[in-house]
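Q: Okay, handing you the structure first.
The values are calculated or read from the model by the stated rules, or taken from the named source; none is laboratory data. These numbers were taken from a predicted model, which means no experiment stands behind them. Here the Cβ positions follow ideal geometry from the backbone for every residue, glycine too, while neighbour counts run over all protein chains shown.
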Amino acid sequence: MLEFPTARGASKKLTREGAMKVLGAAVDRAHALDCHVSIAVVDDGGHLIAFIRSEKAELYSIAIAQAKAKSAALTRFPSGKKSPTGNERDDHHALAITLAAGAGSFVTIPGGFPVFSEGEIVGAVGVSGAGIKDVEISQSAAAALDKESSSAAAK
């Protein structure tokens, strides 16, 4: 992680090395589950840093993985129909928010998780192609960087 001074003090940024660790954790979990997926890692502004698609993953999973990651980064909350306040959005509300936010900025499909480093959001990961297992893969990948930060801080 690199720190850059801002008006509010130092801010952590997801580096290419950090993004590759998140991507690697997702690939390992997808392989362990025998899933063919697309995986996108974005910075805290939703900009793509790292991406990979399994050879057998569907082509449409590319855009969906990227949208899930961007949505999790911009909302600072896992993608899906549950709001940050814990309320489940009905289909009409979820669709209205998705349309209002613009294509690719907000999705209500689970499988995108924010990535934290030392308690601060630095990006997000999105996984598509494995159905309900998208959540398990992306959640374990998102935790990989924070686990590393915690163990490094304990040294």
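Q: Just to verify a result, which residue in the range 72-103, among those that are touching a Pro at 6+ places or on another chain (Cβ under 9 Å) and outside any loop (DSSP other than H, G, I, E, B), is surrounded by the fewest Cβ atoms within 10 Å (Cβ to Cβ)? Walk me through it before giving the result.
A: Just the residues of the range 72-103 that are touching a Pro at 6+ places or on another chain (Cβ under 9 Å), to begin with: 72-73, 75-82.
Filter once more, so that each one left must be outside any loop (DSSP other than H, G, I, E, B): 72-73, 75, 82.
Working: Ala72: 29, Ala73: 29, Thr75: 20, Lys82: 15.
Among them, the one singled out is Lys82.
Q: What are the residues in the range 27-83 that are closer than 20 Å to Glu17 by Cα and among the hydroxyl-bearing types (Ser, Thr, Tyr), if any?
A: Of everything in the range 27-83, just one residue is closer than 20 Å to Glu17 by Cα and among the hydroxyl-bearing types (Ser, Thr, Tyr), namely Ser38.
Q: Within the range 6-55, count every residue that is over 19 Å from Ser79 (Cα atoms), among the acidic types (Asp, Glu) and in contact (Cβ under 8 Å) with a residue 60 or more places away in the chain.
A: The total comes to 0.
Q: Which is buried (at least 20 other Cβ atoms within 10 Å of the Cβ), small (Gly, Ala, Ser) and within 13 Å of the chain's Cα centre (by Cα), of Ala130, Ala142, Ala57? Spell out how you get there, then give the answer.
A: Working: Ala130 fails: within 13 Å of the chain's Cα centre (by Cα); Ala57 fails: within 13 Å of the chain's Cα centre (by Cα).
Among Ala130, Ala142, Ala57, only Ala142 is buried (at least 20 other Cβ atoms within 10 Å of the Cβ), small (Gly, Ala, Ser) and within 13 Å of the chain's Cα centre (by Cα).
Q: Still on this structure, I have one more. Restricting to the range 21-51, give me the number of residues that are buried (at least 17 other Cβ atoms within 10 Å of the Cβ) and part of a strand (DSSP E or B).
A: 9
Q: Would you confirm whether or not the range 113-129 contains a residue that is assigned to a helix (DSSP H, G or I), in contact with a helix residue (DSSP H, G or I) (Cβ under 9 Å, 6 or more places away or on another chain) and modelled with pLDDT of 90 or more?
A: Looking only at the range 113-129, we keep the residues that are assigned to a helix (DSSP H, G or I), and these are none.
No, the range 113-129 has no match at all.
Q: May I pose another question? Within the range 30-52, does at least one residue satisfy the condition of being under 26 Å from Gly102 (Cα atoms), of a type in the set (Ser, Thr, Tyr) and over 13 Å from the mean Cα position of the chain (by Cα)?
A: Within the range 30-52, the subset under 26 Å from Gly102 (Cα atoms) is 37-52.
Keeping just the survivors that are of a type in the set (Ser, Thr, Tyr) gives 38.
If we keep only those that are over 13 Å from the mean Cα position of the chain (by Cα) too, we end up with none.
Within the range 30-52, none of the residues are under 26 Å from Gly102 (Cα atoms), of a type in the set (Ser, Thr, Tyr) and over 13 Å from the mean Cα position of the chain (by Cα).
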